[in-house]
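No lab work stands behind these numbers, since they all come straight from the coordinates. Values in this document were obtained by computation on a predicted structure and should not be read as measured data. In this analysis, Cβ positions are derived from the backbone assuming ideal geometry, glycine residues included, and neighbour counts consider all displayed protein chains.
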Amino acid sequence: CCSCLELFFVGEMEQKQAIWCLNPKDQFQEELVIRPLHSGDIYASFQFRTLWDTDFLQEGQKKVSHYRLFPKSLGQVLSKFSVQELHISFTQGFWRTMQWGQPFIPSPPGAELWVWFHDTVSDVDGNWKELTNVLSGIFCASLNFIDMTNTVQPSASFKPLGLGNATDHRFLRYATLPREIVCTENLTPWKKLLPCGSKAGLAVLMKSEKLFHSSFHSQAVHIRPICQDEQCTSKAWELRQTLNVVFDHYTSGQGKKEWSLFKMFSRTLTEACPLASSSKVYVDITDNPELFELSPATPLLSQAVVLGDRRTYSVYDLTRAETFGQLRSFNLLLRWKGDNMLRPLLHAERYVAGFGLQTGEIHTVIYNNHPYRAFPVLLMDSVPWYLQLYIHTLTVTSKSRDNKPSYIHYQPAKDRHRPHLLEMLIQLPPHSMTEVTVQFERALLKWTEYTPDPNHGFYVGSSVVSALVPSMVAMSTNFTQDQPLFSSFVPVKEESSYFVRVYTEPLLVNLPTPDFSMPYNVICLTCTVVAVGYGSFYNLLTRTFQVDEPSPPLAKRLANFIRRIRGVPLLA
Amino acid sequence: MSHDFLQMHLKAVISCLLIFLYKVHTTKAGQFFSSGHTNNWAVLVCTSRFWFNYRHVANTLSVYRSVKRLGIPDSHIVLMLADDMACNYRNPKPATVFSHKNMELNVYGDDVEVDYRGYEVTVENFLRVLTGRLPPSTPRSKRLLSDDRSNILIYLTGHGGNGFLKFQDSEEISNMELADAFEQMWQKRRYNELLFIIDTCQGASMYERFYSPNLMALASSQVGEDSLSHQPDLAIGVHLMDKYTFYLLEFLEEVHPASQANMNDLFKVCPQSQCVSTPGHRTDLFQRDPGSVLITDFFGSVRKVEITKDTINLTSPVEPPIQRSGSGDIQIESLTYVDQLPVAEIIHQKPKQKDWHPPDGFILGLWTLILLVFFQTYGIKHLKHIF
């Protein structure tokens, strides 16, 4: 559409079109945030945002048909299935909160998909099934394995992150696939959704050989309606594509706290995406003011309050030509010696206790590291039906005393139909550890329900802990267009706390596995026994013996022949 | 006499017609339609799971790479990989799958799109893709949308035996099922010509039972022989490729979209001296002579282009979208974001409707009724034994 400016002088129709092009209703921003972690690892977070003032849910004449920056495949999905909000993420690895702090946008290992449908939808389950199939084709992932046996409908978690009045949880669906692998085949279609593809701008850095050789890799797509301006009188659709990656100090960094863009991504930046209205690189320099070395140096500094903490960033603006210097290539170099880290206030773990293949116990441990404030957390657990939970054994203890949750929602599982859903609102006392335990029994599956590699085990999806954590620094509730993308993902309602979501580890449990070679072995053994037993018996009853003279050797036969001719008696 | 005259006239007309048709056949228009196909598809399947079967994934990816290089786009390739080797935790170089030792050639590349992966590669899904009987919500990239002018290449690799091919160590497909699937495809006119290549042990047994027309088949070994793997890489720790596909890849690397190599060259790939097993082929069901079939008829997507010098008038341009009404006209109330964790609201949330149970009094009344009827029938004297 940028080329339509040439039609400006020709005809009336073209003039209208050109004017429309001069006031585009969609814009694209990209940014990269680099944060050195205290263990020597480095955390890079890409965010690409497309904002479009349109209405996907219109039918007929006003139906959206001309796509510019917004990818057409996603736009058609939104209008066909009447989707209000869509969040999908693919993650490889587990985010270590204690070592790395909080991520900008959290995600559980494997694939996670949660969708809010519009309240005009009559058959939510049917739309959900078709949506998962269509997304599996778009992202080359096996999302078609999402069905009623692993979908839940949370009653209090996962409130919409975008605008909306209706919060009737009948229109929400949530599912995870902890076994889902992420590889280049998922990155390729994800990159193709960007306006500049992987040819210009920050997406040039995304080379799969470096991205997947990391401790943590997560790519996500978030679509939601947001406010267009401060007064919030109209809404626009926002598409955010995020990619979070943590490069390991030892395997990629060769043990030195010295990183550069080339070392991380094996590429340098040469230009910003021409379709982007802003393209920036932020480097977090809060932790290491003196012992930090950053080259090329930049005078631009920016302060942002993110995750309850005021951080300082060095900013590089890629839309300005002087960032690229003489060589027309931008390679950032970082070297630091500092070692400070803010201890995360909320942290959760989960593990399976017990022995044997019959029973077990799931323990979820939530830590509140705030020295004097208590705050509530909402814990959501979705356990597959083949781990039969005994809810009467559910205990919640904090500081070795019983802690009764103020809200419990439990939906029991139906075999082969739906999973368990347990949601609890727990008040965490300050500076404490809260433990939630529940016992379970493992079910025996039918032999066709086992995967081809059942001895690997079966996965249980991560628990989700959502909380409003009290913030040390006042968060800003004002919405400005210039806010960096990483601090404007979650809408802030009040200044004293920030919303955070923590995912626990997924569990891997062994179910009692039958011996699949057993039918073959049984048939062989039985047939052998029957053959030997019956055969011997049959021989005993029916076999008769006859004396059989062996044939005489050749010399004797010849001698007998001559004797017969002579008429002399034969030899024995 | 007039009868003879008529017959002679008829013969002359018929002979003229035949000469005319022959001329047409050899003109440009005739040549345009002689090869018979207008589009190309490829179905590439790796059926083995687990890290030590790395070579089967590498086999399939090397054929995928050749087929893409020669022009078949991703939308026309259905790639099925039963396990993930590239991002497997045992892979010392993630996001790569190598075919040559010393990591010379990465066949995984940067632009791969796998349509069926992991547990989705089953016999049922494979047969559904071939016959087109998929559920209505299956996305386009997972369908084989071929028609009666499509040339299809089907490549299978994995562990096999005499008459069967093993899928993921838990099920198998027999040669009769495969032959029937191809017959279904023929009856529904889902292919023009089909090339079937299989690289497994005793691969020739898989094409013995074919009976549909226009099929050509190649296998890496005869019945009773094993197909062998090529070379291990000590850094990765597993065998990288099978011998037959390794030499097939080397042969295909020489082919480019304009090359005139034909099927007879393909039959000569990997003789017994290199492969140890004897590759076999079957062409009796194929109508054309293999010497006249180009490699690019199946492995590439060569389109015959007709260049025109006439100008074409396009229709009127895209209508500009309807302008949004000015914001000052109507008083719109401001929208707000939803509270992410409304604690007070959650605590006082009404519980969702549970399943209907009969009221408690009903069950008590029912038991009382049963007891009363029992004692009425059998007499009141039993009552004192109960209470």
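Observations on the model:
- Computed over the alpha-carbon atoms, segment A:427-482 gives an Rg to Rh ratio of 1.23, Rh here being the Kirkwood radius from the mean inverse distance.
- For segment B:93-193, the normalised intensity computed at q = 0.15, 0.17 Å⁻¹ comes to -0.80, -0.97 (log10 of I(q)/I(0), Debye sum over alpha carbons, equal scatterers, no solvent).
- The string of couplings for segment B:304-312 from the Karplus curve (6.51, -1.76, 1.60, θ = phi - 60°) is 8, 9, 9, 8, 10, 9, 7, 8, 10 Hz, one whole number per residue in order, with x for Gly and Pro.
- Each 20 Å bin from zero up to the one holding the largest Cα-Cα distance in segment A:27-336 carries the following percent of pairs: 31, 57, 12, 0.
- Hydrophobic, long helices, defined as DSSP H runs whose alpha-carbon span along the helix axis is 24 Å or greater and whose mean Kyte-Doolittle value is at least 0.5, occur in chain B at B:2-26, B:360-378.
- For B:Leu134 and A:Asp453, the FRET efficiency from 1/(1 + (r/R0)^6), where r spans their Cβ atoms and R0 equals 25 Å, is about 0.45.
- Inter-chain neighbour count for A:129-135: the average number of beta-carbon atoms from partner chains within 10 Å of each residue's beta-carbon is 3.
- In plain terms, if you count all Cα to Cα distances in segment B:39-297 and split them into 10 Å steps from zero, the share in each step is 7, 33, 41, 18, 2 percent.
- In plain terms, if you count all Cα to Cα distances in segment A:346-509 and split them into 10 Å steps from zero, the share in each step is 9, 34, 29, 18, 9, 2 percent.
- In Å, descending, principal axis extents of the Cα set of the protein assembly as shown: 132, 108, 74
- Chain A - share of DSSP beta bridges that are antiparallel (%, nearest 5): 95 percent
- Charge-dipole axis of chain A as Lys and Arg at +1 and Asp and Glu at -1 on Cβ define it, positive-most pick from A:Leu525, A:Ser400, A:Ala304: A:Leu525
- Positive-pole candidate from B:Thr122, B:Ser212, B:Ile198, dipole of segment B:39-297, charges at beta carbon: B:Thr122
- Shielding by other protein chains, A:137-146, mean Cβ within 10 Å: 4
- Where Rh is the Kirkwood radius over Cα pairs, Rg/Rh for segment A:100-215: 1.00
- For A:Met206, no residue 5 or more places off, or on another chain, has a built amide H under 5 Å of its own.
- q = 0.22, 0.25, 0.29 Å⁻¹: log10 I(q)/I(0) that the Debye formula gives for segment A:342-406, counting C-alpha atoms only: -1.16, -1.38, -1.62
- Antiparallel DSSP beta bridges within chain B, as percent of all bridges there, nearest 5: 30 percent
- Only Lys, Arg (+1) and Asp, Glu (-1) charged, at Cβ; segment B:39-297 dipole about Cα centre in debye: 360 debye
- With a Förster radius of 35 Å applied to the beta-carbon distance between A:Ser329 and A:Thr251, the computed FRET efficiency rounds to 0.85.
- The equivalent ellipsoid that matches the C-alpha gyration tensor of chain A spans semi-axes of 62, 33, 28 angstrom, in descending order.
- Estimated from the Cβ-Cβ distance and a Förster radius of 22 angstrom, the FRET efficiency linking B:Asp289 and B:Ser259 is about 0.75.
- Kyte-Doolittle mean at least -1.0 and Cα axial length at least 24 Å: DSSP H helices in chain A: A:518-542
- Distance from segment A:324-359 to segment A:70-107 (C-alpha centre basis), Å: 19 Å
- Summary of packing: across the peptides A:523-535, B:298-310, B:147-159, the per-residue average of other C-beta atoms within 10 Å ranks them, highest first, as B:147-159, B:298-310, A:523-535.
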